[in-house]
Amino acid sequence: MVTRMSGLASGMDIDSMVTKLMTAERIPLNKLNSNKQILTWQRDQYRTINSKVLDFRNTAFNMKLDAAYLAKKASSSDDSVASVTASASATEGNYKLEVTALAKAANLTSGDLMAGAGDATKTLGTVAGVPGLGLAGNTTLVITGGKGSANIQVNTTDTLSQFVTNVNAKSSITGVKLSYDSTLDSLFFVSSSTGDAAKIDLKSTDPDLLGTVLKLPGAGAGATTSETETGTRPTPFASSTAVIDPTLTATQTLRITYQPTGVGAPNNYDVQITKGKTIGQLVDDINGSPLGQTGVTAYLDSTGQLAFMNPDNTHHLTFTDQTADGTDIVDKLGLTSSTRSAGQAFNTVSKAGNNASVKFNNVVGSYATNTFTINGLTFTAKKEGAAATTNLTVSEDVDTIYNNIKGFVDKYNDLISTVNTKTSETRYRDFTPLTDEQKKAMKDDDIKAWQDKAQSGLLHNDGILTSGISNLRSSLTKTVSGIPTSDFNQLAEIGITTGSYQEQGKLYIDDTKLKDAIANHPDQVKKLFTANDGITTSDDGHGLAVRLYDQAKSWNEKLIAKAGVSTSVDSAYLIGKNLKNLNTSIDKMNTKLTATETRYYNQFNAMESAINKLNSQSSYLSQLGK
């Protein structure tokens, strides 16, 4: 480190003198930084244009596809019966739809729970002196829906509000939701889906829960064919949050085999047990699987053992470990020697949803939801019954096809306008990038005005840009070969023409002519854009969208090779390589300037030391003469 002297001996402002000397020395560094800034600006401008080229390329890709020219529209004579939309695959014509029945969810609604004003804070059990719902003791409610099953703990101290919350906490597993309305004093069970597969199946071993307490119509004793399978784990699970096996490292596969009534061969249901999985998560996984949809329900019983409720005691559950390693996951769960109790009595109540039933041109169809697709037409059914009939008309969607083509033309015009503006900008060579010192002496508005001039014209007459535009124009003006002479083979024939020379290739659309071409010759319009003769050495037989896509793709690749993208490393593109070389030169120059500044200070320090020495000698000699 150089010790800088203040210049007290010489009377010189050494810092100021070194600063001025270094200003001259930094001229080559400023030039390097200026070149770096110009390259950075050029790179960013290339990338901005490339984003437009890429946007146009994507639009051209869409216009290569038949779907852009096959849009259909459909109308319903009675939208209150069913609304309709058409896909490209719909066939033009007239049709009739009759909605015999709408798809419905499964619903269960209770009676008046308290025979009076409703109150969500009332408990399910009887409280002395206060009318509750009359549940005699704690029990469980098994809910099976279209998604799976869950075992809900029901306590006499639970309020109606808490009961609703507990049921809904498992709705993602069961597919059954519950709500309570105090004004009607009623509970509303509803399936989250519609159709024949939607269901609400409630079971409880308590003889009063479903009918007497929850007042659900149709509740009654079910067949006593249910059984429970209960684990015998030596150390019961403390709670549902207990980890199944803290020492587990590899994922285990538990297979549960079951043959529900009405099914031929037994089915295997595999559940994955990963490191850190809790017994509660395993229960939810089992209940939310296809096994849960059969009515089999897993739960953690009051003793901390994994248990299963099986609605069919003639077909037992079996458990096997499908992972070939040293861990026996069946044993870890206590299911190796599980106990079985058969003939358990349940009270039950069930409701099922139903499919939508329709006739499309007198052909009967059934659908799980009220939104369904027939023959390329997507319907939303809204009304059912004898009068629920609507007539449908499917026709070509001229406006959508026109908008697709217009959007393509607009993207093209925007791209060439941007590029033409950039390549014709004036280059102000006297306006070089400002240094930090220069910016300090200027106002913000002046800095902006200067920088705008400095960035202008950096891509003036740029070869990559001018050739890219030229290739696009050439592709548009060439006739598409291989198309019959009586069909459209040029843009002008469908009402799209090029403006004056001064407008540098801008396209104009004759709306009437283009829409007429789409309406009367849709196949010809499509072929003009999408034709592809498969020849790779020439694009003469390619449609206009195919040509422009290929040209945009090539242009895009050239721009990336020149300026990269935001995620590119410097060594992957030309400007980046130049920037990398400049950074190396700048680093070397900074090192050199540091050494030069040190040398200047060393020289001034030597001078100051010599002057100090002379001053001391002069003072000594003056003292001798006295």
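Below is a table of values for the structure above.
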| item | result |
| --- | --- |
| Charge dipole magnitude, Cβ of K and R +1, D and E -1 - segment 227-337, Cα centre, debye nearest 20 | 160 debye |
| Estimated FRET transfer efficiency when R0 is 41 angstrom, pair I27-F61 (beta carbons, to 0.05) | 0.20 |
| Per-residue ³J(HN,Hα) for segment 188-205, Karplus 6.51 cos²θ - 1.76 cosθ + 1.60, θ = phi - 60°, Hz, x for Gly and Pro | 10, 8, 8, 7, 7, 10, 10, x, 4, 7, 6, 7, 10, 10, 10, 9, 8, 6 |
| Most to least packed among 479-487, 236-244, 544-552, 435-443 [average Cβ atoms within 10 Å] | 544-552, 236-244, 479-487, 435-443 |
| In degrees, nearest ten, helix 574-624 long axis to first principal axis of the chain (Cα) | 50 degrees |
| In nm, spacing of pseudo-spin labels at M114 and S470 (7 Å Cα→C-beta vector) | 8.7 nm |
| Label selected from (i) 26.4; (ii) 25.2; (iii) 34.0, the criterion being Kirkwood radius over Cα pairs in Å as computed here | (iii) |
| Net length gained if the chain between Q490 and D587 were fully extended (0.36 nm per residue, minus Cα distance) | 29.2 nm |
| Vicinal HN-Hα couplings computed from phi for segment 467-481 (Karplus, 6.51 cos²θ - 1.76 cosθ + 1.60; Hz; Gly/Pro x) | 5, x, 5, 4, 5, 5, 4, 4, 5, 6, 7, 6, 5, 7, 7 |
| All lysines inside 30 Å of K592 as judged from Cα atoms, apart from same-chain residues fewer than 8 positions distant | K20, K31, K36, K439, K440, K577, K580 |
| Using alpha-carbon coordinates, inclination of helix 27-64 to the longest axis of the chain, degrees | 40 degrees |
| ³J(HN,Hα), Karplus 6.51/-1.76/1.60, whole Hz, each residue of segment 351-358, x for Gly, Pro | 9, 10, x, 8, 6, 6, 10, 9 |
| Spherically averaged projected area of segment 26-90 from its Cα convex hull (nm²) | 7.8 nm² |
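No value in this document is a laboratory result; all are computed from the given coordinates. Worth saying up front: this structure is predicted, and the values here are computed from it rather than measured. All Cβ positions, glycine included, derive from the backbone under ideal geometry; neighbour counts span all protein chains shown.
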